[in-house]
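Participant: Next up is a structure, given as structure tokens.
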Amino acid sequence: MNNTIRTLIGSLALLIGAVPVAANTLPQPTGDVVLTIRGAIAQTNAEGVAHFDMAMLEALPQRETRTETPWHTGVQVFSGPTMQALMDIVGAEGATLRIGALNDYAATMPMSDTSDLPVILATRQNGAPMSVREKGPLFVIYPFDEMPELFNEVHFSRSVWQVATITIED
Ligand SMILES: Nc1nc2c(c(=O)[nH]1)N[C@H]1C(S)=C(S)[C@@H](COP(=O)(O)O)O[C@H]1N2
Ligand SMILES: [Mo]
């Protein structure tokens, strides 16, 4: 091997090593954008924000919970990515989440809920996507039946339905 090739291979290795791999973990949505995460996030796929379509949300680590809620009749099965998985993939760095709905409603959730509780951003109810009329397509669901101590007004108010945006704040 001559020196030119050696140098070439050397700089190539350096270049590859310098590529920020983490920046490539968030793909581009191909379907309709259903969720925008903004604020203190390390990973973006648009101008300072992270856009998600349904397929991207369903590709994240999922959880299912069977529970009653104040908004449904009888036990329902909800599934979707954990809020933890969502925070992980965007590299969220704040202390609170401001969760906004399609209407004007917004609620604040402490980041600790996403790490301490298996709260999900449900994309499905009883296996099927939720229409806007059914409080979908995205609904923050706490595992009320698994953790009855969560069945109170504090967590009801954080149970945002028709979620459209999440802003990571200090
Ligand atoms: N999108 C959306 N989610 C929401 C609300 C809302 O008005 N819009 N209200 C919240 C509050 S404060 C509570 S206590 C419950 C209210 O549920 P209810 O209107 O069925 O009593 O849902 C929460 N999630
Ligand atoms: Mo409420």
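Participant: Please verify whether segment 151-158 includes one or more residues that are basic (Lys, Arg) and either part of a loop (DSSP other than H, G, I, E, B) or away from ligand 1 (no atom under 16 Å from the Cβ) (or both).
Facilitator: no
Participant: Conditions: (1) open to solvent by less than 30 Å² (accessible area, probe 1.4 Å); (2) part of a helix (DSSP H, G or I). Residue 79 meets all but one. Number of the miss?
Facilitator: Single failed check for residue 79: (2).
Participant: Okay, next question. With respect to residue 124, determine if the residue is open to solvent by 40 Å² or more (accessible area, probe 1.4 Å), free of Cβ contacts under 8 Å to residues at least 40 places away in the same chain and under 22 Å from residue 32 (Cβ atoms).
Facilitator: no
Participant: Just name the residue that is nearest to the chain's Cα centre (by Cα) out of those in segment 43-71 that are in a loop (DSSP other than H, G, I, E, B) and either crowded, with 16+ Cβ neighbours inside 10 Å or of a type in the set (Val, Ile, Thr) (or both).
Facilitator: Residue satisfying both the conditions and the ranking: 60.
Participant: Here is a further query. Does residue 23 satisfy being at pLDDT below 95 and either small (Gly, Ala, Ser) or open to solvent by less than 60 Å² (accessible area, probe 1.4 Å) (or both)?
Facilitator: yes
Participant: Any idea how many residues of segment 147-159 are within 12 Å of residue 113 (Cβ to Cβ), within 16 Å of ligand 2 (Cβ to nearest atom) and surrounded by 15 or more Cβ atoms within 10 Å (Cβ to Cβ)?
Facilitator: The qualifying residues number 4.
Participant: Sticking with this structure for a sec: Filtering segment 127-146 down to residues that are of a type outside the set (Lys, Arg) and open to solvent by 40 Å² or more (accessible area, probe 1.4 Å), which residue is nearest to ligand 1 (Cβ to nearest atom)?
Facilitator: 132
The values are calculated or read from the model by the stated rules, or taken from the named source; none is laboratory data. Because the structure is a prediction, the values reported are computed rather than measured. All Cβ positions, glycine included, derive from the backbone under ideal geometry; neighbour counts span all protein chains shown. For the accessible areas, the whole protein counts, side chains as well, though only heavy atoms, and no ligand, DNA or RNA atoms are used. Shrake-Rupley method; radii C 1.70, N 1.55, O 1.52, S 1.80 Å.
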